[in-house]
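Below is one structure; the comments refer to it alone.
The values are calculated or read from the model by the stated rules, or taken from the named source; none is laboratory data. Remember, predicted model here, so these are calculated numbers, not experimental data. Backbone-built Cβ (ideal geometry, glycine too); neighbour counts: all protein chains shown. Please note that ligands, DNA and RNA were not included when accessible areas were found on the heavy atoms of the full protein model with its side chains. Shrake-Rupley method; radii C 1.70, N 1.55, O 1.52, S 1.80 Å.
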Amino acid sequence: MYIIKKVNILRKKITHIKKTNKKIGLIPTMGNLHYGHIKLILSAQKYTDIIIVSIFINPMQFNNSFDLKDYPKTFQEDCMILKKYNVDILFFPNIDDIYSNDIKNHTFVEVPKLSNILEGQSRPGHFRGVTTIVSKLFNLIQPDYSFFGEKDYQQLLIIKTLIKELNYMIKIISIPTVRLKNGLALSSRNNNLSIREIKVAPYLYKIIKKTCKKIITKDNHEIEKVINLSKNLLIKKGFSIDLFNIYDYKTLMTPTKKSKTIILLASAWLGKTRLIDNKKIFFR
Ligand code: PAF
């Protein structure tokens, strides 16, 4: 595996690969790799000839400096995983290579409508940071395919919109959320949970599942009641809720009679850790 840190060396490598007509797959990550990332690599192996993983803890997408500081950094372990799964190139730039200007004054890319609702409301500037770094990686690496997890559903939808509206010739492949047996969605942030919190965390998905089951059988006017009951259950378990509601699967707006598929999106704090999860519901 080549480990490339410098943008100019990456560019040379990409120019060389492009001449061979090989298909490039990009998996953008912030490191601290887990089985969810491995699933993305396994999927990339089916679609592409050259797999590039980037590890960059992107300061532009953190609106909380403590969150940025606490983000787990496990470079050696990550490299072992990437080598084991035959990743061809690891792009591991440092901050100055990516943001030559200071971040506040840096050029950005934004998908306005979808970025400032739901998760974007709780974390102002977060999605602008995501779309800026992802665009930069797309420009530098020019992948044919790029792979993202469905756990960050709003992020996935925003990136699909970015691809469409900025005319990137990149196919986005999404991978279902990978879970522990107890239902907890794999996430780098789980490492920050205390022993007590690890036992409580699976309740988020358990309650999401139960809520979805109830929603399918209820009339519209009863749904709000179901959601409020679930929220209270989560609060009793110790979660502090940012978001727990249903949305149209395609637009992330309040579901209408036309919404065939809806999605329950949840984000909640457990102590100092922010967990997110979701479940798709086929409605009518
Ligand atoms: O989902 C993530 O890990 C990050 O938001 C991403 C896509 C790597 C951009 O920094």
If each of GLN76 and ASN116 carries a label point 7 Å out from its Cα toward its Cβ, how far apart are those two points in nm? 4.6
When the charge dipole of the chain is computed with +1 on Lys and Arg Cβ and -1 on Asp and Glu Cβ about the Cα centre, the Cα farthest towards its positive end, among ILE57, ILE170, VAL7, belongs to ILE170
For the ranges 3-10, 32-39, what's the packing order if you count other beta-carbon atoms within 10 Å of each residue, average per peptide, and put the highest first? 32-39, 3-10
Rounded to whole Å, give me the distance from the Cα center of segment 55-124 to that of segment 174-208. 21
Scattering curve values for the chain, log₁₀ I(q)/I(0), Debye with Cα scatterers, q = 0.08 Å⁻¹: -0.35
So for segment 128-245, what percent of the C-alpha to C-alpha distances run longer than 26 Å? 39
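What is the dipole size for the chain, taken about its Cα centre, with +1 at each Lys and Arg Cβ and -1 at each Asp and Glu Cβ, in debye to the nearest 20? Please report the intermediate quantities before stating the final value.
Numbers: 48 positive and 22 negative charges, 182 e Å.
Roughly 880 debye for the chain.
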Let me know the charge dipole size of segment 86-141 about its Cα centre in debye, to the nearest 20, where only the beta-carbon of Lys, Arg (+1) and Asp, Glu (-1) is charged. 280
State, as an integer percentage, the relative contact order of the chain based on alpha-carbon contacts under 8 Å between residues 6 or more apart. 17
Can you tell me the FRET efficiency between ASN228 and PHE66 if r is taken as the Cβ-Cβ distance and R0 is 25 Å, rounded to the nearest 0.05? 0.20
Treat each spin label as a single point 7 Å out from the Cα along the C-beta direction, and report the LYS236 to THR251 distance in nm. 3.6
Estimated vicinal HN-Hα couplings, Hz - segment 77-94 in sequence order (Karplus 6.51, -1.76, 1.60; Gly, Pro = x): 5, 4, 4, 5, 5, 5, 5, 4, 9, 6, 5, 7, 9, 10, 9, 9, x, 9
Sorted by chain and number, the residues with a modelled amide H under 5 Å from that of ILE175, at a separation of 5 or more or across chains, are PHE148, GLY149, GLU150
For a 29 Å ceiling on Cα separation, which of these pairs sit above it: LYS164/LYS279; LYS231/LYS257; LYS19/LYS136; LYS23/LYS280; LYS73/LYS231; LYS171/LYS260? LYS23/LYS280; LYS73/LYS231
Provide the three semi-axes, in whole Å and in decreasing order, of the ellipsoid equivalent to segment 93-133 as defined by the square roots of 5 times the Cα gyration tensor eigenvalues. 22, 9, 8
Go through segment 16-31 residue by residue and turn each phi into a ³J(HN,Hα) via Karplus (6.51, -1.76, 1.60, θ = phi - 60°); whole Hz please, and just put x for glycine and proline. 5, 5, 4, 5, 8, 6, 6, 7, 9, x, 10, 10, x, 9, 10, x
Overall Cα dimensions of segment 65-219 - principal axes, largest extent first, Å: 49, 41, 32
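Please compute the per residue accessible area over segment 139-284 with all protein chains in place, 1.4 Å probe, rounded to a whole number of Å².
So segment 139-284 comes to 55 Å² accessible per residue, rounded to a whole number.
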Please check which bits of segment 100-117 a label hung off ILE172 would reach, taking the label as a point 7 Å along Cα-to-C-beta and the cut-off as backbone N under 17 Å. 109-117
Length gained when the stretch ASN191-ASN220 is fully extended (0.36 nm per residue, less Cα-Cα span): 6.6 nm
Counting helices only, and only those DSSP H runs with n ≥ 4, report the 222 nm mean residue ellipticity of the chain as the sum of -39,500 (n - 2.57) divided by its residues, in deg cm²/dmol to the nearest 500. -12500 deg cm²/dmol
What aspartates and glutamates could a cross-link reach from LYS104, if we take a straight Cα to Cα line under 17 Å and drop same-chain neighbours fewer than 8 places away? ASP96
Residues of segment 1-65: accessible area per residue with a 1.4 Å probe, Å²: 49
Along segment 38-54, what does the Karplus equation 6.51 cos²θ - 1.76 cosθ + 1.60 (θ = phi - 60°) give for ³J(HN,Hα), rounded to whole Hz, x for Gly and Pro? 4, 4, 5, 5, 4, 5, 4, 5, 6, 9, 10, 9, 10, 9, 10, 10, 10
Using a 1.4 Å probe on the protein chains only, how many percent of the accessible area of the chain belongs to carbon and sulfur? 53
